[in-house]
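All of the numbers you see were taken from the coordinates with simple rules; none came from a lab. On a predicted model such as this, the values are computed, not experimentally measured, just so you know. Cβ placement follows ideal geometry from the backbone for every residue including glycine, while neighbour counts extend to all protein chains displayed.
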Amino acid sequence: MGVSGDGLLVSLSLPTQCLVFSAEAVAILYVVKLPVNRPILVVTDSHSVILALTTRKHPWIQGTVKHAPSNTVSMWVPGHCGVQGNVTADHLAGSGHTRPRFTGTVSLQDVKKWIKRTVRRAWDTEWRNNRTYHLRKIKATTGTWKDRPNLREQRVVSRLCTGHSRVSHNFGGTPFRRICETCGVPATVEHILVNCAELKDLWAAFGLESSIIRNLLGDESPAAAALITFLKEANFYNNI
C-alpha cells in the first residue's frame with residue numbers, strides 16, 4: 001500500500017492474501033485516521049473503492065466511513081494520467097512488500113478469493129502436468145467450455161470428451177471395454193475418431209483426418225459441425 005500527500009509519504013505491506021482492492025481501501029483508511037485538524041481530500045484512482053463507500057460491505061471501507069471526519073471528501077481520478085500524487089503513491093505501493101506490515105488481518109472476502117485462487121492454481125498445475133487423461137488430451141486448461149445450442153449434440157460430445165460411451169464401452173450387465181473388430185485394439189473414443197483403419201476413408205470424406213483428438217473435440221474446434229455429421233453417417237450418433 002502507498003500513500004502520498006502534503007508532507008506524507010507512506011509505504012507499508014499487507015498480507016499476501018489481500019487483493020488490490022483491499023490495498024486501496026486500507027490506504028484510504030490510513031489517511032482518514034490521521035490526527036489532522038483540517039479538511040481531508042482523498043484522491044484515488046480506484047473507482048471501485050469510491051463506489052464501495054456507499055455499500056460499506058468491506059470491513060476497511062466500514063472503518064473508513066466510521067473514522068472519517070465530517071469534512072472528508074473522496075475524489076476519483078483516472079489512473080496513469082500524470083497526477084503526481086497518485087504516481088508517487090503507486091511507486092510507494094510497488095515497494096510496499098519490503099516494508100513493515102500495516103496490519104496482519106485479512107478480510108473474509110479476501111480469504112475466500114485467496115482460497116479459490118490457490119485451489120485453482122493447484123488444479124491447473126496438476127492438469128497441465130498430467131497428459132495421460134483422455135479429457136486432458138482434449139482440453140489443455142481447466143476453464144469452462146462453451147455450451148452447444150443443441151442439447152442432444154452437447155450430450156453426445158460430452159460423452160466423447162469423457163471417453164465413456166456405448167461405442168467404446170458395454171454398459172449392459174458387466175461393464176467392459178469394447179474391442180475394435182478391425183484393428184483388434186480397445187475401441188477407445190480416440191481410436192474411433194483418430195486411428196481406426198476402417199473409418200479412414202469416411203474421415204477423409206468429411207475432412208476430419210487428424211492425428212490429434214483435440215482438433216476434433218476441442219472447444220474451439222472448426223470441425224464441430226462435420227464431426228456430428230460423421231457420427232451420424234457412421235451410425236455412432238444414436239449409440240453414444
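For the reader, a short list of remarks on this structure follows.
- Fully extended contour minus Cα-Cα distance, from residue 226 to residue 75, at 0.36 nm per residue: 48.7 nm
- Relative packing of peptides 199-208, 58-67, 121-130 - highest average C-beta neighbours within 10 Å first: 58-67, 199-208, 121-130
- Per-residue [θ]222 nm for the chain (sum of -39500 (n - 2.57) over DSSP H runs n ≥ 4, rounded to 500): -12500 deg cm²/dmol
- For residue 169, residues with placed amide H under 5 Å, excluding near neighbours: 178
- The stretch 1-108 shape via C-alpha gyration tensor axes, a/c threshold 1.5: rounded
- Percent of beta bridges antiparallel (DSSP, the chain, rounded to nearest 5): 55 percent
- Two-site FRET efficiency, residue 48 against residue 87, from Cβ-Cβ distance with R₀ of 30 Å, rounded to 0.05: 0.95
- Mean Cβ count within 10 Å, highest first, over the residues of peptides 106-117, 41-52: 41-52, 106-117
- When only Cα pairs below 8 angstrom with a gap of at least 6 residues are kept, the stretch 162-240 shows a relative contact order of 24 percent.
- Alpha carbon centroid spacing (whole Å) that separates the stretch 87-106 from the stretch 125-182: 48 Å
- Placed amide H near residue 42: partners under 5 Å, 5+ positions off or other chain: 73, 74, 75
- Förster radius 25 Å - calculated FRET efficiency between residue 55 and residue 95 (Cβ-Cβ, nearest 0.05): 0.20
- Loop-located GluC sites (Glu not before Pro) in the stretch 171-215, at most 15 other Cβ atoms within 10 Å (DSSP): 181, 209
- Backbone HN-Hα couplings from phi across the stretch 74-79 [Karplus 6.51/-1.76/1.60, Hz, Gly and Pro as x]: 10, 9, 9, 10, x, x
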